[in-house]
Amino acid sequence: MNAPAGETHWTRKDLLSIEELSREEIELLLQTAESFKEVSAREVKKVPALRGKTIANLFFEPSTRTRTSFEVAAKRLSADIINFSSSGSSTSKGESLSDTAKNIEAMNVDTIVMRHSSSGAAEYLARQVKAGVVNAGDGIHEHPTQGLLDIFTMKERKKKIEGLRVCLVGDILHSRVARSNIWGLKKLGAKVTVCGPPTLIPSSIERLGVEVSYDLDRVIGEQDVLNILRIQLERQKGAFFPSIREYAAEYGISNERIKKARPDVIVMHPGPINRGVELSSEVADGPQSVILDQVTNGVAVRMAVLFHTTMAER
Ligand code: CP
């Protein structure tokens, strides 16, 4: 399959962040994802776009959605895929990231998909290897394919991003998903609000062109999209709010609170969900939730990203 016709020509072997992308590059990825989405609805869910290419999934942090989504995406493009996780590998014997990646590259891998706990790890790796590098989440920096699949889902449901009112709720401070959403949504002309406890909102976030609110009940009724972020207890080194129960009371999307939102609001969450904390089960599984659409769309978006980065000139 060829990339959709258009003015923009993709030249990057790596996808490290949405911050580095132009509006046109984001639109090209979304447009390609739209073409690939149709492949997953076929009886034979496969195209030969990356036949003969090899992708390595290199995950140094746990993942359910992202790792399997990249694996499904690679297989639907007819690429070969190697899954590598830090447990059970020589990383646990002290091998450096660079040595691990160079050994994998020596097997003529074309693209490495990497998740790592350190912000900047994907960029570091991209400078070390000739293979393409796709960032599957680096520390608290970015999670570009999650940002892209979130924007793809918003566009699918709301038809356009320009002028869309999107509120990111929760732990903005530790969220790579929030940063990727903000960069992408602002480049495409959305109006973005971040809402959470003051301790979980970075002090300089307004510089990215977002509005800040600490009062969800005041802003919820103005939004087209509520993108609810996970409380990242594993990244929080201090007490950022008094208790989980108080967090849920102020910022959780309960059955009562969702009634204050527009009837056509969509509710998103990147997963994994802390049910009863960020979202009640009724809201997570309710008619406004597009959480499983996000997962479905993740495959198409990752097919687009793998296709363009792997086919880019080295
Ligand atoms: N959204 C997301 O990154 O989920 P996983 O941690 O399961 O990959």
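The values are calculated or read from the model by the stated rules, or taken from the named source; none is laboratory data. Only a predicted model underlies this, so the values are computations on that prediction, with no experimental measurement involved. Please note: Cβ atoms are built from the backbone with ideal geometry, for glycine as well, and neighbour counts cover all protein chains shown. Quick note on the areas: whole protein, heavy atoms, side chains included, nothing else; ligands and nucleic acids left out. Shrake-Rupley method; radii C 1.70, N 1.55, O 1.52, S 1.80 Å.
Values for this structure:
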item: Residue match in the range 153-164 (condition: small (Gly, Ala, Ser), more than 12 Å from the ligand (Cβ to nearest atom) and open to solvent by 30 Å² or more (accessible area, probe 1.4 Å)); result: yes
item: Strands (runs of 3 or more DSSP E) enclosed by the range 89-179 - at least 1 residues per element that are closer than 18 Å to Met303 by Cα; result: 111-116, 132-138
item: Any hit, the range 19-28, residues being under 18 Å from Ala122 (Cα atoms), within 16 Å of the ligand (Cβ to nearest atom) and modelled with pLDDT of 95 or more; result: no
item: Evaluation of Ala74 against (1) away from the ligand (no atom under 16 Å from the Cβ); (2) open to solvent by less than 30 Å² (accessible area, probe 1.4 Å) (one fails), failing number; result: (1)
item: Residue list for the range 77-88, filter: part of a loop (DSSP other than H, G, I, E, B) and open to solvent by 50 Å² or more (accessible area, probe 1.4 Å); result: Ser87, Gly88
item: Residue within the range 264-282 that is over 20 Å from Lys159 (Cα atoms), assigned to a helix (DSSP H, G or I), within 16 Å of the ligand (Cβ to nearest atom) and within 22 Å of the chain's Cα centre (by Cα) present; result: no
item: Filter result for Arg179 (touching an Asp or Glu at 6+ places or on another chain (Cβ under 9 Å), within 16 Å of the ligand (Cβ to nearest atom), open to solvent by 10 Å² or more (accessible area, probe 1.4 Å) and in the same structural domain as Ile151 (by TED's automatic domain parsing)); result: yes
item: Residue within the range 90-100 that is open to solvent by 50 Å² or more (accessible area, probe 1.4 Å), within 16 Å of the ligand (Cβ to nearest atom), assigned by TED's automatic domain parsing to the domain that holds Thr68 and modelled with pLDDT under 95 present; result: no
item: Subset of the range 36-59 [touching a residue at least 40 places away in the same chain (Cβ under 8 Å) and assigned to a helix (DSSP H, G or I)]; result: Phe36, Lys37, Val39, Ser40
item: The lone exception for Pro62 - which of (1) in a loop (DSSP other than H, G, I, E, B); (2) within 13 Å of the ligand (Cβ to nearest atom); (3) open to solvent by 50 Å² or more (accessible area, probe 1.4 Å); (4) touching a strand residue (DSSP E or B) at 6+ places or on another chain (Cβ under 8 Å) it fails; result: (4)
item: Scope the range 197-223; condition farther than 14 Å from Arg165 by Cα, surrounded by 14 or more Cβ atoms within 10 Å (Cβ to Cβ) and out of contact with any Cys (no Cβ under 9 Å at 6 or more places or on another chain); matching residues; result: Pro197, Leu200, Pro202, Ile205, Leu208
item: Check on Thr32, touching a His at 6+ places or on another chain (Cβ under 7 Å) and either in the same structural domain as Val113 (by TED's automatic domain parsing) or open to solvent by 50 Å² or more (accessible area, probe 1.4 Å) (or both); result: yes
item: Filter result for the condition that a residue is of a type in the set (A, V, I, L, M), away from the ligand (no atom under 16 Å from the Cβ) and buried (at least 24 other Cβ atoms within 10 Å of the Cβ), over Val113, Val194; result: Val194
item: Lone qualifier among Ala131, Ala121 - being over 13 Å from Ala56 (Cα atoms), away from the ligand (no atom under 14 Å from the Cβ), open to solvent by less than 60 Å² (accessible area, probe 1.4 Å) and over 16 Å from the mean Cα position of the chain (by Cα); result: Ala121
